[in-house]
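Every read-out reported here was derived from the displayed coordinates using simple, explicitly stated rules and does not represent laboratory data. Since the structure is predicted, the reported quantities are computational estimates derived from the model, not experimental observations. Here the Cβ positions follow ideal geometry from the backbone for every residue, glycine too, while neighbour counts run over all protein chains shown.
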Amino acid sequence: MTSLPRLDILLYAHDGRGLGHISRSISIGLSLRRLFPNLKVIVLTGSPYAQMLTCKKPIEIIKLPSYQVTIKDGESIGQKSYSNYNDKHLARIRSGLIKAIILQTRPRCILVDHLPFGKENELLESIQESIKDCIWILGVRAVSGMIKQIQELEVDSSVLSHYTHFFWYGDSKIIPCNYRTTQVPSKWEIEETGYISRSYELDKWNSINRSYENRCGCIVSFTWLTAKSRIVLQELVKLIDKVKDHWGNWIFFLGNDYSCGNVTEIISTIKKNPFCKVEPLGEKYLSQLKQSKFAIIAGGYNSLTDLLWAQTPGIVFYHSMIDKEQEIHSNLISNFCEGRVESMQENRINISELEDSIKRVIAKPCLDLNEVITGSEVAAKRIAEIIKSSNEK
């Protein structure tokens, strides 16, 4: 039997709380498909949002069974999955599936987002038994937070020796040196790609309404909700009751509820408001964001890059998590955008401050920030170059 051709690139994204990990992987995958259409590319993830995020573009997804979490005291706590396996059992299942996929496809390059060992160490066995001449690359978001697995790499030579490249998905014009990844093993050279933006990449595929004219209304987007998100939503309801449709109608895009039911009642109230509409996360979001007068969003990496791409003024609410990644990152983006974006903590908000903040950001001039969100192209070109160089050896 003739052997199968090797897969060129496998992009692994563990399923986090929001969309950041899978969004970056899909963005780079789409750039690879667009710029190097003959390369064989597959995305491997457990994210339930993966297929939706492709917007029907030509990229293959292998979907693993998903982990489930809840948020307590600023920390993710594992829950029983929809398959009724707990985290440890599901990790063993996923580890076996990942190993089988890698053995079957024999990728030339594996790009891992954020966690070098994978969620629940599910990549560890595949790394330690890695296929000969497979290139392992780790990519980390602009403000990484303290990633325990990266700290462990320095003393785990069995894994460290397999990772030969380190991509940093940030921009040095925005993120000062002291906020970049500081715990990177000394053998690695950090390669700065710029921000990875799915919206920028989809725009290159001509999939988004590009109109900037007649901006009207407000987008409110939270890709995941905690018990503290109720405070933000309550204050928004008060503000909408006051201003009504002064700026236009309000469209809410709401994702996973990790609040243990704390936001159910307030979401029901929003749905009944004549000036509001509640939508699930989906393809409508980016075109609506592009046409909105302003946006109110959560402070995740993916949401921030969407805001930079859309050139829409925004208020960013950061979740109060232990790693403080959202707080640090949203404040740095706010500083860079010269008043066009302001950041607030989700549980410290009142109606008057919010209204004043909206008035300030919509009064600021538009900024073209596309130069900082081209990272998917930079990463794709670098991966293609690494593979080509490896093939020539």
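Which residues does a label at Glu191 reach in region 109-127, if reach means a backbone N under 12 Å from a point 7 Å past the Cα toward the Cβ? What the label zone holds, given the 12 Å backbone N cut-off, is 109-112.
Counting other C-beta atoms within 10 Å, which of Asp323, Asp203 has the fewest, and how do the rest follow?
Least to most surrounded, the residues fall as Asp323, Asp203.
Phi-derived couplings, Karplus 6.51 cos²θ - 1.76 cosθ + 1.60 at θ = phi - 60°, listed residue by residue for region 342-359: 10, 10, 9, 7, 5, 9, 10, 8, 9, 4, 5, 5, 5, 4, 4, 5, 4, 4 Hz, with x used for Gly and Pro.
Counted over the chain, the DSSP beta bridges are approximately 10% antiparallel.
Around Ser352, what is the net charge, scoring Lys/Arg as +1 and Asp/Glu as -1 over all other residues with Cβ under 12 Å from its Cβ? It works out to a net charge of -1. Here Met52 and Lys204 are evaluated by their C-beta separation; at R0 = 22 Å the FRET efficiency comes out at 0.70. The residue list Trp136, Ile240, Leu369 was ranked by how far each Cα lies along the charge dipole of the chain toward its positive end, using unit charges on Cβ atoms, and Ile240 comes out on top. Ranked by the mean number of other Cβ atoms within 10 Å of their residues, highest first, the peptides 190-197, 293-300, 51-58, 379-386 fall in the order 293-300, 190-197, 379-386, 51-58. Set the Förster distance to 35 Å, then compute FRET efficiency between Cys177 and Gln128 from the Cβ-Cβ distance, nearest 0.05. E(calc), rounded to 0.05, equals 0.60. Report the trypsin sites (Lys or Arg not before Pro) located in region 84-137 that are in a DSSP loop and have at most 13 other Cβ atoms inside 10 Å of their Cβ, or state none. Those satisfying the criteria are Lys132. Here the contact order of region 89-150, divided by its residue count and restricted to Cα pairs under 8 Å and six or more residues apart, works out to 41 percent. Computed from Cα atoms, the angle from the helix 301-310 axis to the main principal axis of the chain rounds to 60 degrees. Note on Ala100 and Lys364: the model spin-label points, each 7 Å out from Cα along the C-beta direction, lie 5.1 nm apart.
Evaluated at q = 0.11, 0.14 Å⁻¹, the base-10 log of the normalised Debye intensity for region 316-393, with identical point scatterers placed on the Cα atoms, takes the values -0.48, -0.65. Helix 229-243 and the longest principal axis of the Cα set of the chain meet at an angle near 40°. Remark: region 231-304 carries a charge dipole of roughly 260 debye about the Cα centre, counting +1 on each Lys and Arg Cβ and -1 on each Asp and Glu Cβ. For the chain, the residue among Phe294, Ile315, Asn347 whose Cα projects farthest onto the positive side of the dipole built from Cβ charges is Phe294. Under conditions of 4 °C and 1.567 mPa s, region 218-372 yields 84 µm² s⁻¹ as its translational diffusion coefficient, taking Rh as the Kirkwood radius over Cα pairs in the Stokes-Einstein equation. Say a paramagnetic label sat at a point 7 Å from the Cα of Asp356, along Cα to Cβ; which residues of region 294-331 have their backbone N under 16 Å from it? Counting only backbone N, you get no residues.
Between helix 20-35 and the chain there is an angle of about 70 degrees, using the helix long axis and the longest principal axis of the Cα atoms. Cα convex hull, the chain: 140 Å³ per residue, rounded to a whole number. Taking Cα centre as origin and charging only the Cβ of basic (Lys, Arg, +1) and acidic (Asp, Glu, -1) residues, the dipole magnitude of the chain rounds to 900 debye. Under a model in which nothing but the beta-carbon of Lys, Arg (+1) and Asp, Glu (-1) is charged, region 218-372 shows a dipole of about 500 debye around its Cα centre.
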